[in-house]
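Enquirer: Here's a structure for you.
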Amino acid sequence: VVVVAAALVGAFALYKAGSLLLTRYRALRASHFTMKQDRLKRLQACVDAVHRCDHPMVVVRLDVFEQFGKLPRHEDVRASLVFLDTYADVLAFSHAKPVLFVSHQWLAYHEPDPDNAHFAAMCAAARLVAAERNEKPEDLYLWVDFCSVPQRNRAVQAAAIRSLPVFASACRFMVCVCPPARHKNLGTVVDATTYAKRGWCRLEMWAMLCQAQGLSRMFVYEGDGLRPVAARRGWYKEAMRVFEGEFTVEADKARLVDVVLGLHARGLRGDDAPVEDTPLSLQRVDSSSTASRVSRLDSFRRARQRSFRKHESESTIVRELVTESSLQTALFPPEYFGGLVDDLEHHINAGDIRFPDDGVPDDDGSPETPTMPPRRLHGRPSEKVVEIRSYHSGSTRELKEATA
């Protein structure tokens, strides 16, 4: 009897222990699944963010800009500006009209161009870009930070700054205006070398590089003529090392993680690659294993090199750089990204990430939930008429020190 009772007690104890272990296992699985779902939602949000305008894109026609006589504050010339409210409007407008993204380094803490050194350079550079690409100057539109981004209202300005990569990647051309000048507050020389070190300038360049054939549409103006960025491999290679750039506000680096992930997703997708030549067969490996990641990236790069041999373009070269294993730590610092890049690449390969053109844009420019499987390549922007209009949105004030 004692033996039987002991056996029953032991069996009951084993049952309870097994039940407890099973309960804990199920809880851990549920927690792990929730974490994976949350991570996927974050990655999807990263992709959505670089295909959405949190603030209207604001551009100005070149001849109107030249009449300003100086680099004006947004609020002072709002009636002369063109506002593109949604991402769909931005794509349609930039498809119909040449838009030039003008990037430069500020020459003072609270004013971008106190001595009018950059304004004249911007006008000259814009006309040279128009001539270089056979565009009529009167048809060319510019995006220039101080007059395209609200300066007086912090919330509105923050929304516009969040959309900087979207604006840069949507423009047809980009020019980095960096003639030698002197910073009014620091007294130091500001030129192409210092421009290339700025974190925000690097982000703008990377956004343009992610565009199909974007590299061939980027130029540098140093005051003595226009030069293609494509001729400066070291320069644009450094531009992708955003997190090694200089930031006035160091905390901006953490805020840019999701933006860079979204841009990386666009680059991996391969906008200009033929469908049959877009190898996204990334091996699934443990994201915590550095050796596995390097091996996977090497295999991925070799596969891309083989498949793009007949379709090599400058934008393909940029994608090759982004997947170069020796650059991974610089491009995606582990202290900021952890395993996010591995997860992003895996989910793109698995078809879990949906890109905005897989759905139908709604009225605010964001995609609806798609009902069809995701497509690998971007479609061309749909042809549509865009109402070009200007409007007043009220008085605002803010100092854009983050890009000073």
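The values are calculated or read from the model by the stated rules, or taken from the named source; none is laboratory data. It should be emphasised that the depicted structure is a prediction, and the values quoted were computed from it without experimental measurement. In this analysis, Cβ positions are derived from the backbone assuming ideal geometry, glycine residues included, and neighbour counts consider all displayed protein chains. Please note that ligands, DNA and RNA were not included when accessible areas were found on the heavy atoms of the full protein model with its side chains. Shrake-Rupley method; radii C 1.70, N 1.55, O 1.52, S 1.80 Å.
Enquirer: Return the carbon/sulfur percentage of the accessible area of the range 161-258, one whole number, probe 1.4 Å, all protein chains in place.
Expert: Here it works out to 49 percent.
Enquirer: Given H placed on each backbone N at 1.01 Å, which residues far from VAL220 in sequence or on other chains put an amide H within less than 5 Å of it?
Expert: CYS176, ARG227, VAL229
Enquirer: Let me ask another. What is the packing order of peptides 154-161, 49-56, taking the mean over residues of other C-beta atoms within 10 Å and listing the highest first?
Expert: 49-56, 154-161
Enquirer: Can you tell which of VAL99, ALA160, HIS110 lies farthest toward the positive end of the dipole of the range 1-160, using +1 and -1 charges on the Cβ of basic and acidic side chains (Lys, Arg; Asp, Glu)?
Expert: ALA160
Enquirer: What distance in nm separates the two pseudo spin-label positions at ALA79 and LEU8, each 7 Å out from Cα along the beta-carbon direction?
Expert: Spacing of the two 7 Å Cα→Cβ label points: 9.6 nm.
Enquirer: Step through the table entries LYS97/LYS136; LYS97/LYS237; LYS197/LYS253, compare each Cα-Cα distance with 21 Å, and write down the pairs that go over it.
Expert: Distance filter (> 21 Å) returns LYS97/LYS237.
Enquirer: OK, next. If we sort 38-48, 113-123 on the protection proxy, mean other Cβ atoms within 10 Å, highest first, what's the order?
Expert: 113-123, 38-48
Enquirer: Counting every Cα pair in the range 53-153, what percent are over 25 Å apart?
Expert: Taking all Cα-Cα pairs of the range 53-153, the fraction more than 25 Å apart is 16 percent.
Enquirer: Among 61-74, 137-150, 195-208, how do they line up by average Cβ neighbours within 10 Å per residue, starting with the highest?
Expert: Ranking, from highest mean packing down: 195-208, 137-150, 61-74.
Enquirer: Next up: Taking 0.36 nm per intervening residue step and subtracting the Cα-Cα distance, what contour gain separates ASN116 from ALA231 on full extension?
Expert: Gain on stretching ASN116 to ALA231: 38.5 nm.
Enquirer: Per q in 0.16, 0.21 1/Å, what log10 I(q)/I(0) does a Debye calculation on the alpha-carbon atoms of the range 34-74 return?
Expert: Summing over Cα pairs of the range 34-74 leads to -0.61, -0.75.
Enquirer: Moving on. Roughly to the nearest percent, how much of the accessible area of the range 15-101 is carbon and sulfur, given a 1.4 Å probe?
Expert: In the range 15-101, the share of accessible area belonging to carbon and sulfur is 55 percent.
Enquirer: Beyond 23 Å, how much of the Cα-Cα pair distribution for the range 6-104 remains, as a whole percent?
Expert: Of all Cα-Cα pairs in the range 6-104, 59 percent lie more than 23 Å apart.
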